[in-house]
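Asks: My questions will all concern the structure given below.
The values are calculated or read from the model by the stated rules, or taken from the named source; none is laboratory data. Model, not experiment: these values are computed from the prediction. Cβ placement follows ideal geometry from the backbone for every residue including glycine, while neighbour counts extend to all protein chains displayed. When the accessible area is computed, the model is the full protein with side chains, heavy atoms only, and any ligands, DNA or RNA have been set aside. Shrake-Rupley method; radii C 1.70, N 1.55, O 1.52, S 1.80 Å.
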Amino acid sequence: MSKRLLAAALIACGLCMSIAAEEADSTMQKSLREITVVSTRANSNTPMAFSNISEKQIERVNHGKDLPFLLSTQPGVTVSSDAGMGIGYTGIHVRGTDPTRINITANGVPLNDTESSQLYWVNMGDIASSMQSIQLQRGVGTSTNGAGAFGATINMLTKDVGKKPEATLSVSGGSYGTHKETLTFSTGLLRGHWGFMGRLSNIGSDGYIDRASSRLNSYFLQGGYYGKSTTVKLLTFNGTEKTYMAWDYASKADMEKYGRTYNPSGKYTDIDGKTAFYKNQTDNYHQQNYQLVWNQRIDKRFTINATAHYTHGDGYYEQYKTDQKLYKYLVEGGLRADLIRQKKMRNNFYGIVGALNYDNNRGLRASLGGGWNRYDGDHYGKLLWVGSQYYWDDDDNQVWTTAGNNLNPDRKYYDNNAKKNDGNIYAKLNFKIVKGLNGFVDLQYRHVSYKMSGTSQEFDEDHKQIPLEMNRKYDFFNPKVGLTYKWRKSHTAYASFGIAHKEPTRNDFEDMLAESTPVDPKAERLNDLEVGYRFHKGIVKAEVNLYYMSYDNQFVLTGAQDSNGEMVARNIKDSYRAGVELSLGLRPFKGFSWDINATLSRNRAKNMTVTVINEDWSESTANVGTTRLAYSPSVIMNNVLSYSRWGFTGTLITKYVSEQSMTNSGFKKYLEDDGTYTSAVIDPACVTDLDLSYTLKLKKHLKSLTLGVTVYNLFNKKYESNGSCSMNFRKNGDQIEAYNGGWAWTTYSAQAPIHCLAHMTLKF
């Protein structure tokens, strides 16, 4: 099917372009390519905080780890890895906001999963090798397509064919069975107009955490017509993954007992009474993306771009679950058993995005754009195997039974469908007021309709399955305004204010079904004030940005995980994130660079309440005042020292992340039954990486050979990047006390000690 679509699209491109007779011009073509993202990207006159990462910067650090780790030195960024190696299930936080609140696009096309609002990088292995540039906008950012940006926007532009034929082979290998093989090629321009390029990638790792293996395969193919005023191209990129689960993490007690690599996922007791781990406790997914891109220069002032896109996803994860209530799997009788289940999803996402752009080359730029996207996804579960069944008698004894279970492997124990339409239109204006002073206005209207129907995974107290029925519509108006003032060429000051809204995710609705007193999830709102100053002259480049992000009903991670192992978020009525981002870059002499940045922030929830369990087991609420927001460190610092001369490049990277609370309760620890305390925070971490490489310039068929090695966690620090925490609360006199209560837990995601990757790149 994909081959037919590719052929049909290329034929259509040829017919459309048969009327074009312009001679190709490399400068004009480069300008045309940038039209794809010009309407959604920030520039020097945009009064917001952003960073641009070039293709060369990406190549220097792209040795196998997922794209979030390639962005880890940007201001305000923290990253996590379930496997402890930066490969597989990885996540990125910006200014403390979690991945579901970061808008991500490629060529202006939304990449976030429509329902979870998260991009699963594991489904897009080695996508960084196909990127020409990445822009990271912090805060509200400029209007874009897809989910609302509540902490950052990651705007990616894919590579183009270039002018001349070329090919590159990159190979990496090292610790914990990690390897990466990437082959890229480009035909250059054929007959001055046509070009094709592609990439094949294979990434694998055994992971630092036990059994946390990843097997990622992907490709990227592109073909198109490149004229002086017109570009039409078809892109398709694919990702398949098989990853052993490691998202349950481990407690500090288990780490002390079994080691830091302990992974509880898939753990059970076999028929001989021995501890075993289920071999197929894996996540499996295939994702296929298509984009048909049209860029048109109408005249010297007007350009237009439009992209039609389609994404198909299909996959499942399989789990061995112990001591399960069988009625929740539609097996009759009040029995329990160990079982194996699969949770599956199949979805289609398609739409069109585009913009009309105007630039009079005298200080006036305007864009009118938007998009319409539709998602249609099925979610269902199947029961593959049920072990010996039992029940608990009145004396709390386990009684085994030979009762049948009426198991039907093809029966779905829950089955639901979701449909979501997302449309937006925006208008942007960047204009010169007086010499040096520019105004910025960005207005967006977004409409979302979201419908879910079918059965859920939850049951009521009468063992009746709870339906999953929801039909919501949201209308959001997201204005942004600001000023930029430049003087003496090297100085720039700016200020902006923006408003953003975001609808609840699928998990926000589903998690409420399991609550004894469900609370309807509310859409959230962000008011973002940004004030900054940039200085760039000679060897010095500096920037300071102050921000105050005030939220209404912000969704914040609670620290808890749901029955699927996903992090739970809840509305917090009043909260804020305030801070300062400092950046300094020095180039004192040829070949040497020193880049340092720091984010100092205060992230708080106001009038936070917790649920108190009273002596008679009834529940009440208590106000614990102003508390720290979960997973939001107060200090993030990056220091990058690099020297490059005569083919040699050496880079030393140090990252510091301060303590992080794992709940919003304000409690850093809770009391255990034995009188000891368990920590509810992620400890500070300071980690250093060292990269060394040498490039030998060659002639004829082989242009260059690069050999290198990267040593990660150079000083062998023991640290964790993520975790989960749940605790109970009770009154102790007039004070609120956090305690175990019989079911509290805290787990951590341990990261790998010193490890390395050797890498080689051949360019032809």
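Asks: Counting just the residues of the range 158-193 that are out of contact with any helix residue (DSSP H, G or I) (no Cβ under 7 Å at 6 or more places or on another chain), farther than 29 Å from residue 711 by Cα and among the basic types (Lys, Arg), which one comes out most open to solvent (accessible area, probe 1.4 Å)?
Replies: Of everything passing the filter in the range 158-193, 191 is most open to solvent (accessible area, probe 1.4 Å).
Asks: Something else: Exactly one of these conditions fails for residue 150: (1) in a helix (DSSP H, G or I); (2) aromatic (Phe, Trp, Tyr); (3) closer than 25 Å to residue 424 by Cβ. Give me its number.
Replies: (1)
Condition check ((1) within 30 Å of residue 694 (Cβ to Cβ); (2) open to solvent by 20 Å² or more (accessible area, probe 1.4 Å); (3) in contact with a Leu (Cβ under 7 Å, 6 or more places away or on another chain)) across all residues:
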residue	(1), (2), (3)
50	no, yes, yes
59	yes, yes, no
69	yes, yes, no
79	yes, yes, no
97	no, no, no
106	no, no, no
116	no, no, no
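Asks: Would you mind stating whether residue 382 is assigned to a strand (DSSP E or B), over 22 Å from residue 564 (Cα atoms) and open to solvent by less than 60 Å² (accessible area, probe 1.4 Å)?
Replies: no
Asks: Considering 155, 217, which residue is open to solvent by less than 10 Å² (accessible area, probe 1.4 Å) and assigned to a strand (DSSP E or B)?
Replies: Matching residue, one of 155, 217: 155.
Asks: Return the residues of the range 669-688 that are part of a loop (DSSP other than H, G, I, E, B) and touching a residue at least 24 places away in the same chain (Cβ under 8 Å); say none if nothing qualifies.
Replies: 672, 673, 680, 683, 684 - these are the residues of the range 669-688 that are part of a loop (DSSP other than H, G, I, E, B) and touching a residue at least 24 places away in the same chain (Cβ under 8 Å).
Asks: Of the residues in the range 492-520, how many are surrounded by fewer than 17 Cβ atoms within 10 Å (Cβ to Cβ), closer than 30 Å to residue 46 by Cβ and among the hydroxyl-bearing types (Ser, Thr, Tyr)?
Replies: 0
Asks: If you don't mind, another one. Can you say whether residue 383 is among the hydrophobic types (A, V, I, L, M, F, W, C), at pLDDT below 95 and under 23 Å from residue 467 (Cα atoms), as far as the supplied structure shows?
Replies: Against the criterion (among the hydrophobic types (A, V, I, L, M, F, W, C), at pLDDT below 95 and under 23 Å from residue 467 (Cα atoms)), residue 383 qualifies.
Asks: Among the residues of the range 509-517, is any within 30 Å of residue 361 (Cβ to Cβ) and either acidic (Asp, Glu) or touching a Cys at 6+ places or on another chain (Cβ under 9 Å) (or both)?
Replies: No - not one qualifying residue is present in the range 509-517.
Asks: While we're here: If a residue has to be open to solvent by 20 Å² or more (accessible area, probe 1.4 Å) and either at pLDDT 95 or above or in a strand (DSSP E or B) (or both) to count, how many in the range 471-491 make the cut?
Replies: Number of matching residues: 13.
Asks: Right, here's the next one. Within the range 646-668, does at least one residue satisfy the condition of being in contact (Cβ under 8 Å) with a residue 24 or more places away in the chain, open to solvent by 50 Å² or more (accessible area, probe 1.4 Å), more than 19 Å from residue 80 (Cα to Cα) and of a type in the set (Lys, Arg)?
Replies: Taking every residue of the range 646-668 in turn, none turns out to be in contact (Cβ under 8 Å) with a residue 24 or more places away in the chain, open to solvent by 50 Å² or more (accessible area, probe 1.4 Å), more than 19 Å from residue 80 (Cα to Cα) and of a type in the set (Lys, Arg).
Asks: Follow-up question, since we're still on this one. If you scan the range 708-758, which residues turn out to be at pLDDT 95 or above, touching a strand residue (DSSP E or B) at 6+ places or on another chain (Cβ under 6 Å) and assigned to a loop (DSSP other than H, G, I, E, B)?
Replies: 713, 714, 715, 717, 719, 751
Asks: Residue by residue through the range 616-631, note down the ones that are open to solvent by 10 Å² or more (accessible area, probe 1.4 Å) and in contact (Cβ under 8 Å) with a residue 60 or more places away in the chain.
Replies: Matches in the range 616-631: 622, 624.
Asks: Let me ask something else. Can you name the number of the only condition in (1) closer than 20 Å to residue 661 by Cβ; (2) at pLDDT below 95 that residue 575 fails?
Replies: Exception for residue 575: condition (2).
Asks: Give 606, 541 a once-over and let me know the one that is under 30 Å from residue 517 (Cα atoms), among the charged types (D, E, K, R), more than 23 Å from the chain's Cα centre (by Cα) and not in a loop (DSSP other than H, G, I, E, B).
Replies: Among 606, 541, only 606 is under 30 Å from residue 517 (Cα atoms), among the charged types (D, E, K, R), more than 23 Å from the chain's Cα centre (by Cα) and not in a loop (DSSP other than H, G, I, E, B).
Asks: Same structure, new question: For the range 539-562, which positions are of a type outside the set (Ser, Thr, Tyr), open to solvent by 30 Å² or more (accessible area, probe 1.4 Å) and free of Cβ contacts under 8 Å to residues at least 40 places away in the same chain?
Replies: Residues satisfying the conditions are 544, 546, 552.
The rows are residues; the columns are (1) without any contact (Cβ under 8 Å) to a residue 40 or more places away in the chain; (2) outside any loop (DSSP other than H, G, I, E, B); (3) under 21 Å from residue 99 (Cβ atoms).
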| position | (1), (2), (3) |
| --- | --- |
| 122 | no, yes, yes |
| 136 | no, yes, yes |
| 142 | no, no, yes |
| 145 | no, no, yes |
| 173 | no, yes, no |
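Asks: Given the structure, is residue 348 at pLDDT 95 or above and surrounded by 18 or more Cβ atoms within 10 Å (Cβ to Cβ)?
Replies: no
Asks: Please tell me if residue 646 is of a type in the set (A, V, I, L, M, F, W, C), out of contact with any strand residue (DSSP E or B) (no Cβ under 6 Å at 6 or more places or on another chain) and closer than 26 Å to residue 739 by Cα.
Replies: no
The rows are residues; the columns are (1) in contact (Cβ under 8 Å) with a residue 12 or more places away in the chain; (2) touching an Asp or Glu at 6+ places or on another chain (Cβ under 8 Å); (3) more than 28 Å from residue 64 (Cα to Cα).
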{"position": "202", "(1), (2), (3)": "yes, yes, no"}
{"position": "209", "(1), (2), (3)": "yes, yes, no"}
{"position": "213", "(1), (2), (3)": "yes, yes, no"}
{"position": "230", "(1), (2), (3)": "yes, yes, yes"}
{"position": "234", "(1), (2), (3)": "yes, no, no"}
{"position": "248", "(1), (2), (3)": "yes, no, no"}
{"position": "268", "(1), (2), (3)": "yes, yes, yes"}
{"position": "272", "(1), (2), (3)": "no, no, yes"}
{"position": "280", "(1), (2), (3)": "yes, yes, no"}
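Asks: With respect to residue 586, is the statement that it is of a type in the set (A, V, I, L, M, F, W, C) and either open to solvent by 60 Å² or more (accessible area, probe 1.4 Å) or touching a Leu at 6+ places or on another chain (Cβ under 9 Å) (or both) true?
Replies: The answer is no for residue 586.
Asks: Do we find that residue 415 is buried (at least 19 other Cβ atoms within 10 Å of the Cβ), in contact (Cβ under 8 Å) with a residue 40 or more places away in the chain, touching a Gly at 6+ places or on another chain (Cβ under 8 Å) and not basic (Lys, Arg) in this structure?
Replies: In short, no.
Asks: Of 410, 422, 442, 394, which residue is among the acidic types (Asp, Glu), open to solvent by 20 Å² or more (accessible area, probe 1.4 Å), in contact (Cβ under 8 Å) with a residue 24 or more places away in the chain and at negative phi?
Replies: Within the list 410, 422, 442, 394, the selection yields 410.
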